[in-house]
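Note sheet for the following structure.
The values are calculated or read from the model by the stated rules, or taken from the named source; none is laboratory data. Because the structure is predicted, anything quoted here is derived from the model rather than measured. A quick note on method: Cβ atoms are made from the backbone with ideal geometry, for glycine too, and the neighbour counts reach across all protein chains shown. Just the protein is used for accessible areas: all its heavy atoms, side chains included, with ligands, DNA and RNA removed. Shrake-Rupley method; radii C 1.70, N 1.55, O 1.52, S 1.80 Å.
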Amino acid sequence: MESDRVAWAEAVRAALSRYDDSLLRSVAARLFKPRNQWPADELVARSVATLSNTPVIDRRLRELPPSSRHLVAAVGLSRNSSWSVGQLVAVLATIGHSEGLAPLLVLLDAGLAFPVLPDGTNVIRQWEDWLGSRPTAARVFIPPPVADRATRDGLPLPQLSGKAFEAKVIHAADGLEWPLRLGVLWQQLRAAPVRLTQASALFKRDLTRLQADPILGTSPVDLAVDVPEAGVLAMGMGMAAGLFVAEAGELRTGRFPPEWDTGLLPTIAGLWAALPGIAHWDPLRGYFLTEEGEPFPTVALPALLLLAAQPDGVWTHPADVAEYLISRHPSWPAALRGGVDDAENWVEAMLLGWALPSRLVEATEDGEGWWVRLTGVGRHLLAGGPAPDLRPPFPQCLVVQPNGDVVAYRQGLTPGLIASLSRFADWKGLGPACTLGLTAESVYRGLESGLTLADIAVVLQQHSAHAVPANVLDLVRRWAGKRERITVHTSATLLEFGSPGDLEAAVVRGLVAQKLTDRIGLADGDVEYRHFRLLGNRDYSARPQQCVTFDRDGVTFTVDVSASDLLLEAELSRVAEPVESDGTERRYRITPESARAVREQAMTLSEFEQWCLNRSGEPLSASARLLFTGSGGVLGEVRHRLVLTLPSEAVTDGVCQWPQTGDLLDDRLGPCAVAVSEENAAELLRRLAAVGVDVRADRG
Amino acid sequence: MTDPTPVGRLPVKLHRHVCLVLTEDAVLAEELLARKKLAQEVAGRLTDRVLLVRPGRVDAVLEELRRMGHTPQVVGGGG
């Protein structure tokens, strides 16, 4: 696909652009043998072009040592071009090459594999710069054209001692179990996301939620083995397939993968390709965390590759697979709780619990236990077999009942239909006949996920064996209509015009989607700036802008219209009253009535102070504070007093401080004025005269 | 065919990233404002059926609307 080609080519370009000049030239020299001293950009472009050149790729692959060639083939058969270095080393060892990192370094030198570099990576001079102190955690990718070509020669894996016999009962799956469970989990995450730790592990509460779920917490009905923590496995598969996305410590829903709409075979291939990303799950233990990385992907891939090496139709015993793998895998034996003896159980649980519902293998049982072999789908994906036709025999697999319940007969389901149903109907049970329910909430979820009422009706009508009951369609229509009653714009762009006429003109030109007031309209998508002359531009995700200037009285203020916003309009109506002004200025005043209204709206003094600071850049004025708080309940006093005015501040300070006079004074009224009660006046004047301060009595 | 040239550029003030609740009618807006938890997230009322939500509080508004049994249409992501 062109989009895939663009993606891997961009990844190759990004990696090569971080190579040091000498490393780039050395890699290019091996990849396409440049004849001139081309600049770095030219080398990068030609390297990308070479990786699409099949004859050159074949030549380069033939030049590789077998271990490197087999590594590329294994990656190609996994259908996932990106693996961690630790996983690749483990896979390589398990298929018979225990040279450690060496085969991978050969591929990097040859320009057939590339490091996945996080942002901020420095220039790479040698591979050790990139591998760093934790080489197994680094990620590497092999461009799909290279990996695909390497799969043609297969892998030199041994034929195990299988047997060909006519099985009485063959246990096979339809491949829909995981898509169905992913649909169920998608609905649950849509309702309430799962929280993740920094290591993308589960918190206890969410683990319990997955374990206790009546659908996700149980094993598939027809399965011969129990799948421990099937919900955790579904979550891991969904994360690896990109259906669930970790965002800010939460697992949220993404879009259903596009291959689900193209059929069952691409869906199974997509889930198979997700294998290296499945974390924290083990076929025997269920939810499983290790610092070294869980062995599931690096054992499952070689196990399936081993089955692909067996003759078509021959049954293989899981014990034989386990015996081959256990002696070669570097970390798996240590992860087995019961030691090496558990290997057979582990492989059997993996094949019957994960690979069988994935439709990669089928199984049968005889006196010696379980036997497995690849299905037609498995042989197509892993052994170059023909693509089986997996189209459902009949598309009308739904029965919609008058109470809104829906029965979905499994034979007619497709991943695309599962995705659609998951969006607008609640899964109630999975089995040969799955059950769903249509509710107001489920229809709302479908509409919020981007479906329209018509989409929902079409899915129900196209896939129903009988006519959809009219009352159900009516209910769905009514639920959808209920959604139209309230619209929440989370990040709207509003256009505020100077006059109703300008707004009308914008509506006529199709620049406004909806009129909100006589001067304000809702913008229709992106604003076309060429139609407008901007008078102001306010971003409501930023801090409130200062747009108010107070007069000297501390209660009257002027609004800077170009810097104000709609929030201010709402705030003004709460805190102040408009004042008539002769010009175009907009002026307001805080009055005792508006201050009282602010208090009655439960706005606190600190909120009012913060509003003043945000909008004017100045603290709340004393007069505004007075109107808002009054005296705080403390009584004032009115009384007769004489005022003694003294010649200077220094003399006043002395009169106040000297106990002989200070004890006869009331409050100090100013720098040179003090209050004196009438009964103390005569004695005070006498004592002042004694120290040389003469006071002339006011004749009035 | 090319776009017609604009007749004249309209003077306008732009308000970006505004959180709004639009109701079907004024009575429904009143009903929402009567809900204390919702009212405290509303900065003001632009018209009788358009409510202005305080910046950064749209998730709380959506949660409260759903708790009230409403199924709001969310435009512009979130929720």
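Listed values, structure above:
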{"quantity": "In Å², nearest 10: area of A:Ile486 left accessible to a 1.4 Å probe", "calculated": "0 Å²"}
{"quantity": "Region A:492-531 - Rg (one decimal) and Dmax (whole number), Cα, Å", "calculated": "8.7, 23"}
{"quantity": "Residue-wise HN-Hα coupling along region A:215-223, computed from phi with Karplus coefficients 6.51, -1.76, 1.60 (Hz; x: Gly, Pro)", "calculated": "9, 6, x, 10, 6, x, 4, 8, 7"}
{"quantity": "Diffusion constant of region A:177-383 at 37 °C, which comes from Stokes-Einstein with the Kirkwood Cα-pair radius and 0.692 mPa s, µm²/s", "calculated": "188 µm²/s"}
{"quantity": "Net charge contributed by nearby residues that have their C-beta within less than 15 Å of A:His640 (K/R +1, D/E -1)", "calculated": "-4"}
{"quantity": "Whole-Å distance, taken between Cα centres, linking region A:469-536 and region A:60-120", "calculated": "54 Å"}
{"quantity": "A:Tyr287 accessible area, assembled protein chains, probe 1.4 Å, Å²", "calculated": "40 Å²"}
{"quantity": "D_trans [Stokes-Einstein, Kirkwood Rh over alpha-carbon pairs] for the protein assembly as shown, 37 °C, 0.692 mPa s, µm² s⁻¹", "calculated": "100 µm²/s"}
{"quantity": "Two-site FRET efficiency, A:Arg190 against A:Ser491, from Cβ-Cβ distance with R₀ of 30 Å, rounded to 0.05", "calculated": "0.90"}
{"quantity": "Reciprocal of mean inverse Cα separation for region A:398-483 (Kirkwood radius, Å)", "calculated": "12.6 Å"}
{"quantity": "Compactness of region A:2-153 - radius of gyration and Dmax, Cα, Å", "calculated": "14.4, 42"}
{"quantity": "Cα convex hull volume per residue for region A:447-525 (Å³)", "calculated": "123 Å³"}
{"quantity": "Fully extended contour minus Cα-Cα distance, from A:Thr645 to A:Glu323, at 0.36 nm per residue", "calculated": "104.9 nm"}
{"quantity": "Radius ratio Rg over Rh of region A:14-76, counting only Cα atoms, Kirkwood formula for Rh", "calculated": "0.99"}
{"quantity": "Neighbour count of at most 16 Cβ within 10 Å plus DSSP loop: longest GluC sites (Glu not before Pro)-free window in chain A", "calculated": "A:167-290"}
{"quantity": "Pairs of alpha carbons in region A:529-687 whose separation is greater than 19 Å (percent)", "calculated": "66 percent"}
{"quantity": "Sequence of A:Val598, A:Val6, A:Val527 when ordered by accessible area, the most exposed leading, probe 1.4 angstrom", "calculated": "A:Val6, A:Val527, A:Val598"}
{"quantity": "At 0.890 mPa s and 25 °C, Stokes D of region A:111-257 from Kirkwood alpha-carbon radius, µm² per second", "calculated": "127 µm²/s"}
{"quantity": "Restricting region A:161-270 to trypsin sites (Lys or Arg not before Pro) in coil, as DSSP defines it, with at most 14 other Cβ within 10 Å", "calculated": "A:Lys168, A:Arg255"}
{"quantity": "Spread of Cα-to-Cα distances over 10 Å intervals beginning at zero, given as percent, for region A:379-419", "calculated": "25, 35, 26, 10, 5"}
{"quantity": "Accessible surface, 1.4 Å probe, highest first, among residues A:Ser573, A:Ser449", "calculated": "A:Ser573, A:Ser449"}
